[in-house]
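Structure first, then comments.
Nothing in this text is a laboratory measurement; each read-out follows from the coordinates by a stated rule. Owing to the predicted nature of the structure, the values given are computational and were not obtained by experimental measurement. As a convention, Cβ positions derive from the backbone with ideal geometry for all residues, glycine included, and neighbour counts pool all protein chains shown.
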Amino acid sequence: MERDLLDWIGVVPLLPLIGAAVLLLFGKRIGEPVAGWIATGLMVLAFVWSLVMLAAILGLPEDARSQTSVAFTWLSVDQLQVNFGFLADPLSITWILLVTGVGSLIFLYSIGYMHRDPNFGRFFAYMSLFAGSMLLLVTGSSYLLTFLGWEGVGLCSYLLIAFWFERTSAAVAGKKAFVTNRVGDVGFLLAMFILIAEFGTLDYGATGAAAPGASSGTVTAVALLLLLAAVGKSAQIPLFPWLTDAMEGPTPVSALIHAATMVTAGVFLIARAHPFFDASGDALTVVAWVGVLTALFAGGAALLQPDLKRVLAYSTISQLGYMFLALGVQAYTAAVFMVLMHAFFKGCLFLGAGSVIHGNEENQDIRIMGRFRRFLPYTAIGMTIAWLAIAGVPPLAGFWSKDEILESAFIAGDYGVWVLGLIAAVFTGLYMTRLIQLVFYGNERFRGDAVPAVSGGSDDDVSATDAATTATAEQDGQEIDPADRPDALGYDPAFLPTVDFTEATPRTSRLDGHDPHESPVIMLIPILALATLSVLGGLINLPLKGLDFLDQFLEPVFKGVSQPEPDSFVEGLSLEGIAVVLALIGIGIGLLLYRKGLRNAAEDPIREHTGSVGRFLGHAYYVDDGQAAFFGGPGRATAEFLDEDVDQKVIDGGVNGMAKLVRDAGQGLRHVQDGLVRRYALGILLGAVAILLFLLVYVAR
Amino acid sequence: MIAALEITPSYYLILAAALFTIGAVGVLVRRNVIVMFMSVELMLNAVNLTFVAFAKALNDTAGQVLVFFTLVVAAAEVAVGLAIIVAIFRRRRGATADDLRVLEG
């Protein structure tokens with residue numbers, strides 16, 4: 001009975017994909033708000049079906065909780081056979097519950113957020129496709145099917161980040177996300193090639209079973225290539241700049257990317273391919289260090305961002321770093337736990353940020369906010385809870401998950417990783433406190449006496465160019481259509497909402513003396529639901545024997561892995577105590593600096609007091625600028641050399657030369673066809689004579 | 001004297017070769033399409049002659065049967081070929097092979 005049910009896990013990805021197909025074909029005609037309700041309804045249905053799957057798998061004995069159902073043979077080439085099949089096990093079921101559950105809330109929220117957008121139907125079509133791809137990714141029974149979802153997720157991130165493509169910055173950000181992800185995809189592809197060459201199969205079950213017996217070179221190569229793929233998708237060092245630029249997309253998209261889909265795919269991939277990482281200790285070390293360095297660096301970068309969504313984006317990168325750190329010390333369950341908890345509080349934070357932006361005329365500059373709790377009380381409640389949750393204040397969700405990770409790092413003996421992780425925890429407390437205090441508490445700074453948005457007085461050259469582009473964009477927008485353009489689009493393409501770190505001068509408030517307003521109920525319900533989950537989420541995996549439900553549930557997936565566990569309750573408690581104290585120190589510093597808001601909107605205390613170090617952090621270590629300089633300079637030169645010299649001269653020259661040879665030969669040979677019948681007859685005769693001679697001399701001999 | 005002259009197949013073959021050569025040269029050197037056509041018939045009949053000669057020499061009727069096929073095909077060819085020549089003649093007031101070179105490359 002349960003086995004039969006589990007064969008139907010494929011229904012979960014199918015439901016949103018049906019929604020995507022319907023909305024892509026008829027989205028425009030269905031229109032608002034029915035298109036949104038169709039997409040949301042199908043997501044809720046998928047969630048319900050995921051619950052059925054959960055019930056089905058819980059009905060099975062623990063050692064039988066893995067079921068592969070094959071729909072059909074996808075590829076059959078020589079020895080290699082790849083099935084289009086689904087794998088139902090605790091890991092995939094955890095993930096489908098997460099994606100459909102949090103996804104449903106985000107979809108519901110989007111109905112309110114995307115209100116009056118002319119492309120309402122298209123938005124929900126892409127969102128459904130996004131969710132469907134992610135579900136395919138996690139339910140696939142082989143690397144190839146996961147790769148299909150993997151690519152689908154990448155495509156949808158491009159479509160959604162660049163959803164407001166009339167805005168050049170959004171179009172560019174979409175391309176950046178796509179291209180950066182492709183770098184990671186190369187790793188995924190190469191890993192699959194090695195798997196085919198070494199094991200002749202791409203099935204998770206078969207490759208996982210074969211991994212421990214393979215040579216150490218092979219498993220390390222596979223593990224590191226899969227890590228490259230995960231680094232691209234999960235925005236780890238050095239492939240993270242795309243995620244902060246992805247803030248150009250509509251805020252529900254950011255929520256979906258950060259909370260439910262996309263970036264957790266990297267964590268999923270490593271958890272799914274854990275036999276290779278287990279077999280290769282070196283790869284695990286690399287994973288742990290990539291994770292902790294990302295957690296630390298992104299946490300530092302988040303401290304100085306003036307943009308509401310960018311703080312959250314760096315925060316996500318940092319939290320993903322924690323998940324990688326957990327994977328690196330083989331604390332797979334802790335990583336999955338963190339994914340779930342992070343989805344709750346980061347989903348809440350992003351939806352809250354969307355609510356703030358929505359109620360604040362698209363302004364994202366936190367320097368000109370302040371005391372919003374008076375105007376957006378429910379959003380304030382939700383985001384305040386999520387703030388405490390992400391900072392790791394007990395007993396909220398983030399406390400349980402993050403402390404379990406740090407504890408695992410200590411127990412695994414990676415003290416360097418542990419110490420850096422603790423410092424990152426201080427950063428987490430600090431940047432989140434700064435954000436929440438500047439937005440919801442302190443003094444009001446949006447009353448209009450702020451300095452004009454784009455004027456001089458910046459400490460960086462770049463801001464001058466930024467101002468110039470803003471001005472040009474405004475002009476362009478007006479040239480095309482003066483007045484009704486913004487209305488027709490539902491947004492103003494000339495207005496660039498994202499505030500770059502280089503903009504030392506705060507923007508002008510767009511409120512025009514009005515107060516910010518609270519969002520409609522349809523947007524508040526998901527925020528408060530996720531806030532509730534951020535409070536209660538920890539209950540699914542308490543660090544006590546018998547209450548660690550997630551540990552028990554995932555146990556069959558990570559069977560045979562010695563996940564780090566505290567030796568005694570006291571050891572666990574003291575380790576968690578250290579982490580909590582450090583998180584509270586971070587929050588304390590934040591409160592000290594920002595409790596009263598900003599005296600002057602242009603003077604951010606951290607930015608003022610850290611000087612060049614601050615600038616270094618604020619620019620995110622110039623990784624983005626460095627990559628831009630490298631690929632814009634030598635990279636571009638190489639590309640141009642390849643284009644102009646290699647491609648146009650050598651390759652095109654070869655192809656065109658061959659064509660010219662044939663053409664010239666034809667030109668010469670056409671004179672043979674002179675239309676004189678008698679000459680043709682002579683040709684036939686001579687040919688016949690030649691054949692006869694040949695037969696006489698060689699054959700008849 | 002006359003009885004002593006025995007007619008061997010090689011006589012027929014020599015005759016056939018002579019006829020064939022005359023036909024081939026006729027096709028190549030004459031410009032009048034009708035004469036070229038007749039030359040082709042001559043070549044065909046030269047071949048028929050060799051068939052019959054070998055059939056007699058080897059005592060095998062297959063050669064004679066083949067001749068009938070050749071005759072049938074030749075008859076069909078004549079019908080088509082003459083029709084083409086008539087058609088050309090109507091359009092061009094003449095049937096000189098060298099003038100028909102619209103297919104020149």
With a cut-off of at most 15 other beta carbons within 10 Å, and DSSP calling the residue loop, which trypsin sites (Lys or Arg not before Pro) in the stretch A:149-228 qualify? Please list them. none
Give me a single rounded figure for B:94-104: the average over its residues of other chain Cβ atoms within 10 Å of their Cβ. 3
Mind putting a number on the dipole of the stretch B:9-96 about its Cα centre? Charges go on the C-beta only, +1 for Lys and Arg and -1 for Asp and Glu, and I need it in Debye to the nearest 20. 600 debye
Can you compute the charge dipole magnitude of the protein assembly as shown about its Cα centre, using +1 on each Lys and Arg Cβ and -1 on each Asp and Glu Cβ, nothing else charged? Give it in debye, rounded to the nearest 20. 2520 debye
How big is the stretch B:9-96 in terms of Cα radius of gyration and Dmax, in angstroms? 15.4, 50
Quick one: length gained pulling A:A688 to A:W8 fully straight, 0.36 nm per residue minus the C-alpha distance? 237.5 nm
Where N is the number of residues in the protein assembly as shown, Cα Rg divided by 2.2 N^0.38 Å: 1.43
Which order do peptides A:394-403, A:116-125, A:257-266 fall in by mean Cβ count within 10 Å, highest first? A:257-266, A:394-403, A:116-125
Can you give me the Cα centroid spacing of the stretch B:67-92 and the stretch A:666-683 in angstrom? 24 Å
For chain A, what relative contact order do you get, as a whole percent, if you take Cα pairs closer than 8 Å and at least 6 residues apart? 14 percent
Mind checking the full-extension length gain between A:I525 and A:I651? Use 0.36 nm per residue of separation minus the Cα-Cα distance, one decimal, nm. 39.4 nm
With labels modelled as points extended 7 Å from the Cα through the Cβ direction, what inter-label distance (nm, one decimal) is found for A:L695 paired with B:I7? 2.7 nm
With the dipole of chain A defined by +1 on each Lys or Arg Cβ and -1 on each Asp or Glu Cβ, the option from A:S128, A:P238, A:G614 whose Cα lies farthest towards the positive pole is A:S128
Just need log10 I(q)/I(0) for the stretch A:138-241 at q = 0.11, 0.22 Å⁻¹, Debye formula, equal scatterers on the alpha-carbon atoms, no solvent, rounded to two decimals. -0.39, -1.11
Restricting to Cα pairs under 8 Å and 6 or more apart, the percent relative contact order of the stretch B:9-96 works out to 28 percent
Whole angstrom only: what separates the Cα centroid of the stretch A:428-443 from the Cα centroid of the stretch A:599-665? 36 Å
Report ³J(HN,Hα) in whole Hz for each residue of the stretch A:414-420, in order, from the Karplus equation J = 6.51 cos²θ - 1.76 cosθ + 1.60 where θ = phi - 60°; Gly and Pro get x. 8, 5, x, 4, 4, 5, 4
Enumerate the calculated ³J(HN,Hα) couplings along the stretch A:123-128 in order (Karplus 6.51 cos²θ - 1.76 cosθ + 1.60, θ = phi - 60°), each rounded to whole Hz, writing x wherever the residue is Gly or Pro. 4, 6, 4, 5, 4, 5
Selection from B:L66, B:V27, B:Y11, by position along the positive dipole direction of the stretch B:9-96 (Cβ): B:V27
Tell me the Kirkwood hydrodynamic radius of the stretch A:25-65 in angstroms, computed as one over the mean inverse distance between distinct C-alpha pairs. 12.3 Å
By the gyration tensor of its Cα atoms, with a ≥ b ≥ c the square roots of the eigenvalues, what is the shape of the stretch A:112-173: rounded for a/c under 1.5, prolate for a/b over b/c, or oblate? oblate
Sites A:R636 and A:Y415, calculated FRET efficiency, Cβ-Cβ separation with R0 41 Å, nearest 0.05: 0.40
The stretch A:323-364 and the stretch A:123-202: distance between their alpha carbon centers, rounded to Å: 20 Å
Report the full-extension gain for the segment A:L536 to A:M658: residue separation times 0.36 nm, less the Cα-Cα distance, to one decimal in nm. 36.8 nm
Partner lysines whose C-alpha sits under 17 Å from that of A:K309, ignoring same-chain residues fewer than 8 away, are A:K346
Starting from the Cα of B:R93, step 7 Å along the direction of its Cβ; do the same at A:S216; then give the gap between the two resulting points in nm. 10.1 nm
Pop a pseudo-label 7 angstrom from the Cα along the beta-carbon direction at both A:E62 and A:K175 and give the gap in nm to one decimal. 5.4 nm
Which residues does the label zone of A:I589 cover in the stretch A:231-270, counting backbone N under 16 Å from a point 7 Å along Cα→Cβ? none
